[in-house]
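One structure below.
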Amino acid sequence: MKNNKKVLLTGAALAALSPLAMNDAKAADTQAISMQAVIVQAIALSQAQTLHFGTFSITTAGTIAIDTAGADTGGGYADVGGAANRQEGIVNVKAAAGFAIDLTIGGADSVTGPGPAMVVNAFNIETAAGGSAQTVTLTAGQVAGGLSVPIGATLNFAAAGVQTPGTYTGSFDITATYQ
């Protein structure tokens, strides 16, 4: 009696693996799917020219605004040695060709010296007058040498007698990221 039970159970298992059940198992397929990774040159920034607001004496509280071509506007000052010592800042951008890059300068910054700090704001990158962000794309020919991007800004100073004469210096951060 015990042997008959084993034969019945084995027969039931074979019936479950009938040709119909085996065909269903063969219906699955495997396909290799391609993968890829592209690594581009890391962005590198370097200062090519200092943003310089010039040498001047203060007549009243005012501003000196330097545009991206080095031209200035503003008032409340008198040039000493001419406006020739004013210049836009320039940053060199090296990156992979053909990819858009966002250049962004933080908000207001300042220059400090012997007297009260002077606020520097209204940064301009390339042709974004009054803006602090610009998108640039390097061409294949610019990759080795990089792309020179001019930067302007506005210096705000206090009245004579409040703003102490002397040399004022500072820096600002510029961030470059691939879009």
Practice item. For segment 149-167, state whether one or more residues are touching a residue at least 40 places away in the same chain (Cβ under 8 Å), under 17 Å from the mean Cα position of the chain (by Cα) and surrounded by fewer than 19 Cβ atoms within 10 Å (Cβ to Cβ). Key: no
The residue that is farthest from the chain's Cα centre (by Cα), considering only those in segment 46-66 that are under 18 Å from Gly170 (Cα atoms) and surrounded by 17 or more Cβ atoms within 10 Å (Cβ to Cβ), is Phe56
Here the qualifying pairs (Cβ atoms under 9 Å; residues six or more apart or on different chains; first in segment 26-54 and over 17 Å from Leu103 (Cα atoms); second assigned to a strand (DSSP E or B) and acidic (Asp, Glu)) come out as Phe53/Asp72; Gly54/Asp72; Gly54/Asp79
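Could you go through segment 77-85 and let me know if any residue there is part of a strand (DSSP E or B) and either out of contact with any Phe, Trp or Tyr (no Cβ under 9 Å at 6 or more places or on another chain) or crowded, with 17+ Cβ neighbours inside 10 Å (or both). Steps first, answer last, please.
Keep residues of segment 77-85 that are part of a strand (DSSP E or B), which gives 77-79.
Right, trim to either out of contact with any Phe, Trp or Tyr (no Cβ under 9 Å at 6 or more places or on another chain) or crowded, with 17+ Cβ neighbours inside 10 Å (or both) and you get 77.
Yes, segment 77-85 contains at least one residue that is part of a strand (DSSP E or B) and either out of contact with any Phe, Trp or Tyr (no Cβ under 9 Å at 6 or more places or on another chain) or crowded, with 17+ Cβ neighbours inside 10 Å (or both).
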When segment 111-140 is checked residue by residue, the ones that are hydroxyl-bearing (Ser, Thr, Tyr) and either buried (at least 16 other Cβ atoms within 10 Å of the Cβ) or under 14 Å from the mean Cα position of the chain (by Cα) (or both) are Ser132, Thr135, Thr137
When every residue in segment 168-179 that is aromatic (Phe, Trp, Tyr) and buried (at least 18 other Cβ atoms within 10 Å of the Cβ) is compared, the one farthest from Ala95 (Cα to Cα) is Tyr168
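Just so you know, all these numbers are worked out from the coordinates, no wet-lab data involved. Note that the structure is a prediction, hence the values are computed from the model and not measured. Positions of Cβ are backbone-derived with ideal geometry, glycine not excepted, and every protein chain shown enters the neighbour counts.
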